[in-house]
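The values are calculated or read from the model by the stated rules, or taken from the named source; none is laboratory data. Keep in mind that what you see is a predicted model, and the values were worked out from it rather than measured. With ideal geometry, Cβ positions are generated from the backbone for all residues, glycine too; neighbour counts draw on all protein chains shown. All accessible areas refer to the heavy atoms of the entire protein, side chains included, with ligands and DNA or RNA removed. Shrake-Rupley method; radii C 1.70, N 1.55, O 1.52, S 1.80 Å.
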Amino acid sequence: MKIVIVTDAAPPQVNGVVITLTTLGRELGSLGHAVHFVTPASFRTMPCPTYPEIRLALFPGAGVRRALDTLKPDAIHIATEGPLGIAARRYCVRHKLPFTTSYHTRFPEYLRARVPLPISVTYAWLRRFHGRAERVMVPTASIQQELQERGFNNTVIWPRGVDVEKFRPEGPGAPADAVPVDGRPVFAYVGRVAVEKNLRAFLDLELPGSKWVIGGGPQFEELSHAYPATHFSGAVAHAALPAYYRAADVFVFPSRTDTFGLVLLEALACGVPVAAYPVPGPLDVIGVEGPGVLDHDLRAAAIGALRISREAARSHALKFSWKHVAQVFLGNLAPIGVAQAAGARLRANGIQQAL
């Protein structure tokens, strides 16, 4: 099958969406499918307001149309709701082509953290955007329930996975200066340094040992100056992350808005227990009794996670497979040829009945 994935999130961005789509493409290829990505790399771009690391395609309509006309895909998946996603949706609706979408990010909450726009307005726009899709792929049952309560009626679950060979407890040690000699236990966060990640909830905790923040983002300068006792690494190449995870004793995830949290699985695969809030994402990955502690008191969760074995964390991560993720994605697609053939049969039946 020839599959086109349209996404506003792509390398050199480093985040859960990019990692998910990149890994998905590789797994689909190993299953014999041809995957083509339409990304900002093929367009003139501008920096995203308040988040300059993300580049947004400028006036992409004609370019998206040319790409889809040339590729003639068997299935179209629109992964994001940005300029490219909007252009691809418009193309599909205009040409009466079935398509699927995915919901990776709590965009209304993220936008509300930056702009005084009511969440209800943004969700209304998202309902319209995703409403024409055959299926909206969501990462967890909790997110599916939330969206259904907000009027999304076409959701299906598409889970996430982790490369358990790359992220494992054994391997090269952490960078030489990463762990202070007297800094144990180490409480670490890996991810974007941005307002929606609620990092101050972690940084304000009174904890023994030391704290790390591994990653870059729009709040990096502000928070690294405000919390000089915390080790801020800055952006780290994804290939180097396992060493940082392995050197930590607890992975602290303060976000209340992530739809999944791929970093949770990466930490667990490296044998690091998790401390987080009991909210969608952590609840789906960790569960009420699992390889971490979920508590509305984040400090209590962080201290409690110290008692969880690294073996239990690793064992839990082994349940998640990228091959399974790719197979579920394939099952959720809406192949264009199948839909057109069904439409032709319906039209033919209508003509026969009329005769």
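When you go through Arg90, Arg94, Arg26, Arg65 one by one, which is the residue that is under 19 Å from the mean Cα position of the chain (by Cα), surrounded by fewer than 17 Cβ atoms within 10 Å (Cβ to Cβ), more than 14 Å from Leu333 (Cβ to Cβ) and at pLDDT 95 or above?
After ruling out the rest, the residue left standing is Arg26.
Determine if region 184-195 includes at least one residue that is open to solvent by 30 Å² or more (accessible area, probe 1.4 Å), in contact with a Lys or Arg (Cβ under 9 Å, 6 or more places away or on another chain) and on the phi < 0 side of the Ramachandran plot.
Scanning region 184-195, I find at least one residue that is open to solvent by 30 Å² or more (accessible area, probe 1.4 Å), in contact with a Lys or Arg (Cβ under 9 Å, 6 or more places away or on another chain) and on the phi < 0 side of the Ramachandran plot, so the answer is yes.
Condition check: in contact with a His (Cβ under 6 Å, 6 or more places away or on another chain) and either surrounded by 21 or more Cβ atoms within 10 Å (Cβ to Cβ) or assigned to a helix (DSSP H, G or I) (or both). Does Val4 satisfy that?
yes
So if I check each of Thr101, Thr70, which one is in contact with a strand residue (DSSP E or B) (Cβ under 7 Å, 6 or more places away or on another chain) and of a type in the set (Ser, Thr, Tyr)?
The conditions single out Thr101.
(1) farther than 21 Å from Thr259 by Cα; (2) touching a residue at least 24 places away in the same chain (Cβ under 8 Å); (3) aliphatic (A, V, I, L, M): which one isn't true of Leu283, the others all being true?
Among (1) farther than 21 Å from Thr259 by Cα; (2) touching a residue at least 24 places away in the same chain (Cβ under 8 Å); (3) aliphatic (A, V, I, L, M), the lone unmet condition for Leu283 is (1).
Considering only residues that are in a strand (DSSP E or B) and surrounded by 15 or more Cβ atoms within 10 Å (Cβ to Cβ), which ones fall in region 37-47?
Once the filter is applied, which keeps residues that are in a strand (DSSP E or B) and surrounded by 15 or more Cβ atoms within 10 Å (Cβ to Cβ), region 37-47 yields Phe37, Val38, Thr45.
Residues that are in contact with a helix residue (DSSP H, G or I) (Cβ under 6 Å, 6 or more places away or on another chain): which strands (runs of 3 or more DSSP E) entirely in region 224-305 hold 3 or more of them?
Counting at least 3 such residues, we get 250-253, 274-276, 292-294.
Of everything in region 286-315 that's open to solvent by 30 Å² or more (accessible area, probe 1.4 Å) and in contact (Cβ under 8 Å) with a residue 40 or more places away in the chain, which residue is nearest to Leu21 (Cα to Cα)?
Arg314
For a quick check of your reading of the model, give me the residue pairs whose first member lies in region 76-101 and is under 17 Å from Ile3 (Cβ atoms), whose second is polar (S, T, N, Q) and crowded, with 22+ Cβ neighbours inside 10 Å, with beta-carbon atoms closer than 6 Å and at least 6 apart or on different chains.
These pairs meet every condition: His77/Thr100; Ile78/Thr101; Ala79/Thr7; Ala79/Ser102; Thr80/Thr7.
Is there a residue in region 221-244 that is in contact with a Gly (Cβ under 8 Å, 6 or more places away or on another chain) and within 20 Å of Gly292 (Cβ to Cβ)?
Scanning region 221-244 turns up at least one residue that is in contact with a Gly (Cβ under 8 Å, 6 or more places away or on another chain) and within 20 Å of Gly292 (Cβ to Cβ).
Restricting attention to region 68-87, report how many residues are within 21 Å of Leu330 (Cβ to Cβ), open to solvent by 10 Å² or more (accessible area, probe 1.4 Å) and of a type outside the set (Ser, Thr, Tyr).
Number of matching residues: 4.
Do you know which of the residues in region 163-211 that are among the β-branched types (Val, Ile, Thr) and assigned to a loop (DSSP other than H, G, I, E, B) is modelled with the lowest pLDDT?
Val181
Search region 48-58 for residues being out of contact with any Lys or Arg (no Cβ under 9 Å at 6 or more places or on another chain) and open to solvent by less than 70 Å² (accessible area, probe 1.4 Å), and hand back the single one that is modelled with the lowest pLDDT. Can you show your working first?
So the first thing to find is which residues in region 48-58 are out of contact with any Lys or Arg (no Cβ under 9 Å at 6 or more places or on another chain), and the list is 52, 54-56.
Still in the running and open to solvent by less than 70 Å² (accessible area, probe 1.4 Å): 54, 56.
Numbers: Ile54: 82, Leu56: 90.
The selected residue is Ile54.
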